[in-house]
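J.: Have a look at this one before I ask anything.
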Amino acid sequence: MTMKFRILGPVEAGTDSGETIAVGGPKTKTLLAALVVNANQTLRIDWLSDAIWDGEPPPTAAATLHSYVCRLRSRLAATGPDGADRIRTDADGYRLRVEPGELDSELFQDLMDRGRAAAEQGRPDEACDLLKSALKCWRGPALANISAKFAEVYAVSLDESRVAVMAEWLEHELSLGRHQEVVPELRVLTQRYPLRQRLVRLLMLALYRCGQQAEALHVFRAARHALVEELGVEPGSALQALHQQILNNDAVLEHRHSADTAGRHNLPPDVEDFTGRTDEVHRLLEVITPDDPSRTALLVNAVNGMPGVGKTALMVHVAHLLADHYPDGQLFLELHGHRPDRRPRDPADALGALLLLLGVGEQALPATLEQRAAMWRTQLMHRRVVVVLDDAASLAQVEPLLPGSRNCLVLITSRGRLDGLRTRHTMTLEPMSERDAGMLLGRMLGEARTAGEPDNVGILANLCHRLPLALRIVGARLGNRPSWRLGDLIERLRDPDGLNRLSTATLSLDASFAESYRRLHATQQRVITLLGAHPAESFDVGAAAVAAALDPAEAERVLESLVDANMLESRGIGRYAMHPLLRDYLLGTGTGRDDAARPRNRAEARTGATRLPATAAAA
């Protein structure tokens, strides 16, 4: 018999025949939970002792833990030969062997990923089935019978994923015209989560499409009251816009039954804990103005900024807020401008992908760039569509992708400025404010995790220099290590190799900087590398010219090109600065640095004891 381990509800071990194994009392169940949550990883005895006794293990903890392990082994062994060697004893701890397909949370993740992929590829029926199957993996709140502190953060993360999948499933159901079917489920969810504006929006839209305009407006009033009373905030712009559309009986809200809309809603999910950026979002939403008949130009908004500053998250968030204003489609296309494993997307290839998203058959795609651009503009001539072009490499890559219709909106992200692009708004995105950075960390880690270390939240935010990617990595690192205090990670980030710790299996600040560096030409690489060893916070043209052995005019040209690439910041005419995390990356790798200028180690580089010319170091 195959073993089954379940954490999406009460923690249990069982068999594929449905039999549940009685593993023992609360401590043994807590041991099982710790082993399952960290499946196939060795857990040290001291960590397990802290986990089982909530940080206060008795003097006999090691011996008692051993007895719990023996008891759990015997219960698993009773299911057959396969259960006998599930718990392995390693040099300094214990490890539970879990095979693929045996853990319910892995099955949930797989079904969720497949459902989202189906939705992105324009198969909403299949997406609904897969997401609904994912939700059937649940039997209640995650780790429901475990009261240990180590389980709290993990359980919250799993439960958040469950709510997000519920919302996505119901949104796809609604897009397929199943308004009446989703209303009961949405009523239950909005009562359980009255502050979740996405769920409120879905219920309002479902009620309106069922002919219950007054009830939809009542739901808005109740949600607004809850938000003001509980959080002291007004509903977000998306919810307020829907409220106004319902008041106006806007025809945009009517469901379109034809297959005409299929495949044109492939935005990535919005970030559940999107934080701050209030001014930036407001500027980007200024395109929502009363229709001006005299305006004939396409609306284009562009955001540029250094790696990891949160450009994509911002634009996807704005696109979701604007979704109701562009009912004919919300398209997302990655242009691979700075992917280490991909070449920048060719414009003809990009247009082919966009036309396929609109439902054009592959056999009908024209052969040339010009023909594809013409078809793209024709397809969008009478449609209201928002298009997100992510990680653009150049103006030449983007220009053929711009629709011709005044009814469309294009949102573009890029690391460098796209000079010559005609936009309604162009902004350079800066790192988050200290307040918002701390708030983001607090939301990721949860009040239970941060309440005892409020000062360390701000310290961590500043060690990350308020860069969203770094903050996300720190949040993920702490989330996966429930026994760590915030101060533990602070100590590690303060050492000379702290930057190397800012990475996870899927996120890497180092890799983001490396790809931006690789895209620079040789002179830019040499100058930015030398300036990375400069001891001062900022420097002027003269210091850079001496350091790089360039004449001042050439030095200024290179520095300005690095500003345009968002590798340097302009601090006024002729004065520049480098982001501290980029400086750390350059100091840590020595990438492209001449031997004569390379510090012997990072500590030497931080003190400025390099072999740069004295005039450069003094500037």
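J.: Grab the helices (runs of 4 or more DSSP H) fully contained in region 326-420, keeping just those with 1 or more residues being under 30 Å from L242 (Cα atoms) and under 28 Å from the mean Cα position of the chain (by Cα). Explain how you work it out, then say what you get.
T.: Working: elements: 347-357, 369-379, 395-398.
In region 326-420, the matching helices (runs of 4 or more DSSP H) lie at 347-357.
J.: Spot the failing condition for T426; the list is (1) under 30 Å from E560 (Cα atoms); (2) buried (at least 18 other Cβ atoms within 10 Å of the Cβ), and only one is missed.
T.: Failing condition for T426: (2).
J.: How do the pairs read when you match residues in region 464-488 that are at pLDDT below 80 and hydroxyl-bearing (S, T, Y) with residues anywhere that are part of a helix (DSSP H, G or I) and crowded, with 21+ Cβ neighbours inside 10 Å, using Cβ under 8 Å and keeping only pairs 6 or more apart or on different chains?
T.: Sorted first by the residue in region 464-488, then by its partner, the pairs are S483/A51; S483/F150.
J.: Name the residues in region 253-270 that are surrounded by 14 or more Cβ atoms within 10 Å (Cβ to Cβ), at pLDDT below 80 and aliphatic (A, V, I, L, M), would you?
T.: If the condition is that a residue be surrounded by 14 or more Cβ atoms within 10 Å (Cβ to Cβ), at pLDDT below 80 and aliphatic (A, V, I, L, M), then L253, A262 are the ones that fit.
J.: Here's something else I'd like to know. Here's a check for you: in region 1-30, which residue that is among the polar types (S, T, N, Q) and over 15 Å from P100 (Cα atoms) is modelled with the lowest pLDDT? Step through it out loud before you land on a result.
T.: Looking only at region 1-30, we keep the residues that are among the polar types (S, T, N, Q), and these are 2, 15, 17, 20, 28, 30.
From what is left, the residues that are over 15 Å from P100 (Cα atoms) are 17, 20, 28, 30.
Numbers: S17: 77, T20: 87, T28: 92, T30: 93.
This residue is S17.
J.: Identify all residues within region 131-151 that are free of Cβ contacts under 8 Å to residues at least 24 places away in the same chain and of a type in the set (S, T, N, Q); write none if there are none. Give the steps one after another, and end with the answer.
T.: If we filter region 131-151 for residues that are free of Cβ contacts under 8 Å to residues at least 24 places away in the same chain, which is where we start, we get 133, 136.
Once the filter is applied, which keeps residues that are free of Cβ contacts under 8 Å to residues at least 24 places away in the same chain and of a type in the set (S, T, N, Q), region 131-151 yields only S133.
J.: From the list S17, S105, exactly one residue is assigned to a loop (DSSP other than H, G, I, E, B), closer than 30 Å to L135 by Cα and polar (S, T, N, Q). Which is it? Reasoning before the result, please.
T.: Details: S105 fails: assigned to a loop (DSSP other than H, G, I, E, B).
Result of the check over S17, S105: S17.
J.: So if I check each of R383, R372, which one is more than 27 Å from L429 (Cβ to Cβ), touching a Pro at 6+ places or on another chain (Cβ under 7 Å) and crowded, with 16+ Cβ neighbours inside 10 Å? Break it down into steps so the answer makes sense when it comes.
T.: On the way: R383 fails: touching a Pro at 6+ places or on another chain (Cβ under 7 Å).
Result: R372 is the single residue among R383, R372 that is more than 27 Å from L429 (Cβ to Cβ), touching a Pro at 6+ places or on another chain (Cβ under 7 Å) and crowded, with 16+ Cβ neighbours inside 10 Å.
J.: Could you tell me which residue of region 31-41 is farthest from E102 (Cα to Cα), considering only residues that are in contact with a strand residue (DSSP E or B) (Cβ under 7 Å, 6 or more places away or on another chain) and crowded, with 21+ Cβ neighbours inside 10 Å? It would help to see each step written out before you state the result.
T.: So the first thing to find is which residues in region 31-41 are in contact with a strand residue (DSSP E or B) (Cβ under 7 Å, 6 or more places away or on another chain), and the list is 32, 34-36, 39-41.
Now drop any that are not crowded, with 21+ Cβ neighbours inside 10 Å, which leaves 32, 34-36.
Values: L32: 14, A34: 16, L35: 14, V36: 10 Å.
Here the residue is A34.
J.: Answer yes or no: is there a residue in region 533-545 that is of a type outside the set (A, V, I, L, M, F, W, C), under 29 Å from A392 (Cβ atoms) and assigned to a loop (DSSP other than H, G, I, E, B).
T.: no
J.: Considering only residues of region 498-545 that are at pLDDT 80 or above and of a type in the set (V, I, T), which is surrounded by the most Cβ atoms within 10 Å (Cβ to Cβ)?
T.: I528
J.: Still on this model: I'd like the residue in region 464-498 that is of a type in the set (A, V, I, L, M, F, W, C) and over 20 Å from the mean Cα position of the chain (by Cα) and, out of all such residues, is farthest from G276 (Cα to Cα).
T.: So in region 464-498, the residues of a type in the set (A, V, I, L, M, F, W, C) come out as 464, 467, 469-471, 473-474, 476, 478, 484, 486, 489-490, 493.
Subset that is over 20 Å from the mean Cα position of the chain (by Cα): 484, 486, 489-490, 493.
Values: W484: 27, L486: 22, L489: 24, I490: 23, L493: 24 Å.
Per the stated criteria, the residue is W484.
J.: Which one is farthest from the chain's Cα centre (by Cα) among residues in region 42-94 that are surrounded by 13 or more Cβ atoms within 10 Å (Cβ to Cβ) and part of a loop (DSSP other than H, G, I, E, B)?
T.: Here the answer is T79.
J.: While we're on this one: Tally the residues that are loosely packed, with under 14 Cβ neighbours inside 10 Å and among the small types (G, A, S), restricting the search to region 223-252.
T.: Qualifying residue count, region 223-252: 2.
J.: With region 146-231 as the region, which helices (runs of 4 or more DSSP H) entirely inside it contain at least 3 residues that are of a type in the set (F, W, Y)?
T.: 150-175
J.: Could you say whether any residue in region 57-70 is closer than 17 Å to A151 by Cα and modelled with pLDDT of 90 or more? First the steps, then the outcome.
T.: Of all residues in region 57-70, those closer than 17 Å to A151 by Cα come to 57.
Still in the list and also modelled with pLDDT of 90 or more: 57.
The answer is yes, given that some residue of region 57-70 is closer than 17 Å to A151 by Cα and modelled with pLDDT of 90 or more.
J.: Could I ask something else about it? Output the residue which, of all residues in region 546-560 that are in a helix (DSSP H, G or I) and modelled with pLDDT under 85, is farthest from G416 (Cα to Cα). Break it down stepwise before answering.
T.: We begin by selecting, within region 546-560, every residue in a helix (DSSP H, G or I); these are 546-548, 552-560.
Narrowing the set further to residues that are modelled with pLDDT under 85 leaves 546-548.
Working: V546: 26, A547: 24, A548: 23 Å.
The residue in question is V546.
J.: Within region 440-460, is even one residue of a type in the set (S, T, N, Q) and not in a helix (DSSP H, G or I)?
T.: Scanning region 440-460, I find no residue that is of a type in the set (S, T, N, Q) and not in a helix (DSSP H, G or I), so the answer is no.
The values are calculated or read from the model by the stated rules, or taken from the named source; none is laboratory data. Since we're looking at a predicted model, the values are computed, not measured. Cβ sites come from the backbone with ideal geometry, for glycine too, and all protein chains shown count toward neighbours.
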